[in-house]
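Only one structure is covered here, and it is reproduced in the block below.
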Amino acid sequence: MYTLVLYDISCDKRRTAIAEACKDYGLQRIQWSAFSGRLNRNRREELKHRLADTLGDEAGNIRLYIICQKDVRLMQEIDVSD
């Protein structure tokens, strides 16, 4: 399944650690605080626990969305590059 991770964390150190965890699990950055990619259920649960441990008791919000392949194919993107 496809996983989308979105986060809003004010602490630079924690935010960087969250991004590194997402990269470690093979997710690709799609925006500053958004990563996506394929993860099976076990890997997604591992990542969820790692993200929760990394955030600890700091203020912040992390969301993991599971998206089926059919919906991924329907994704549309508008990208204007310099």
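Below is a table of values for the structure above.
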| item | result |
| --- | --- |
| Hits in segment 51-70 (condition: under 19 Å from Ser10 (Cα atoms) and assigned to a helix (DSSP H, G or I)) | Leu51, Ala52, Asp53, Thr54, Leu55 |
| Among residues of segment 16-50, those that are in contact (Cβ under 8 Å) with a residue 40 or more places away in the chain and either surrounded by 15 or more Cβ atoms within 10 Å (Cβ to Cβ) or in a loop (DSSP other than H, G, I, E, B) (or both), counted | 3 |
| Total residues in segment 51-66, condition surrounded by fewer than 14 Cβ atoms within 10 Å (Cβ to Cβ), of a type in the set (A, V, I, L, M) and out of contact with any Phe, Trp or Tyr (no Cβ under 8 Å at 6 or more places or on another chain) | 2 |
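Readers should treat all values here as calculations from the given coordinates under stated rules, not as data from a laboratory. For clarity, every value in this text was computed on a predicted model and none was experimentally measured. With ideal geometry, Cβ positions are generated from the backbone for all residues, glycine too; neighbour counts draw on all protein chains shown.
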